[in-house]
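Just below is one structure, and these are the notes that go with it.
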Amino acid sequence: MDKLTREAQAHGEISEAVALFKKELTEVYKGRTYNSIIKIVKFFEDTIPEHFKFEEEQIFPDILEKATINEMKLIKDLQQEHADVLRKFNQLKKISSECSPESDKKQIDTAINFSREILQIVNDHAYKEDKELFPLLKKYGLDLK
Ligand SMILES: [Fe+2]
Ligand SMILES: [Fe+2]
């Protein structure tokens, strides 16, 4: 499968997963329990790190070889956002590891609100890639491989 198709597919999957999960989160947020946090952390773990890794190893280097100064800046910003999300995700794991089924509402809420913040950043990031990164893959013919 060529890179663009793979990337588009991965994007479709992650966007769908985020959309689906957001729907599910509406329910999760009504309950706001320890189980909700476990579900959220598992969702992030299953979708985010691998997706970032793929882009950083398979997509960004090829674009950087040909990129203009502005495009280099875009890639740098996207990489920074990956690092930021992963750092926040590690914080979330730490916060949730300190929760238990006996945790009070405030502690559970802190973890869940933080997860929402991450979800929002991932959403904005994916949107930026759709708008600005995909055209570069086309521009440089990286879909031809
Ligand atoms: Fe990304
Ligand atoms: Fe992405």
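The values are calculated or read from the model by the stated rules, or taken from the named source; none is laboratory data. All values reported here derive from a predicted model rather than from experimental measurement. Please note: Cβ atoms are built from the backbone with ideal geometry, for glycine as well, and neighbour counts cover all protein chains shown.
Here are some notes:
- Cβ-Cβ contacts under 8 Å between residues 6 or more apart (or on different chains), taken from a first residue in the range 99-126 that is acidic (Asp, Glu) to a second residue that is part of a loop (DSSP other than H, G, I, E, B), are listed as Asp109/Arg32.
- Any hit, the range 119-134, residues being closer than 19 Å to Thr33 by Cβ and within 16 Å of ligand 2 (Cβ to nearest atom): yes
- In the set (1) farther than 25 Å from Asp109 by Cα; (2) at pLDDT 90 or above; (3) of a type outside the set (Lys, Arg); (4) surrounded by 12 or more Cβ atoms within 10 Å (Cβ to Cβ), Glu45 fails one condition alone, (1).
- Every condition in (1) modelled with pLDDT of 90 or more; (2) among the hydroxyl-bearing types (Ser, Thr, Tyr); (3) within 21 Å of Phe52 (Cα to Cα) holds for Tyr127 except the one numbered (1).
- Residue tally, condition in contact with a Lys or Arg (Cβ under 7 Å, 6 or more places away or on another chain), more than 14 Å from ligand 1 (Cβ to nearest atom) and of a type in the set (A, V, I, L, M, F, W, C), over the range 107-118: 2
- Just one of the listed residues (Leu137, Leu78) is modelled with pLDDT of 95 or more and surrounded by 13 or more Cβ atoms within 10 Å (Cβ to Cβ), and it is Leu78.
- Ile40 falls short of the stated requirement of being at pLDDT 90 or above and either away from ligand 1 (no atom under 11 Å from the Cβ) or within 11 Å of the chain's Cα centre (by Cα) (or both).
- Selection within the range 48-58 - in contact with a helix residue (DSSP H, G or I) (Cβ under 6 Å, 6 or more places away or on another chain) and modelled with pLDDT of 90 or more: Phe52
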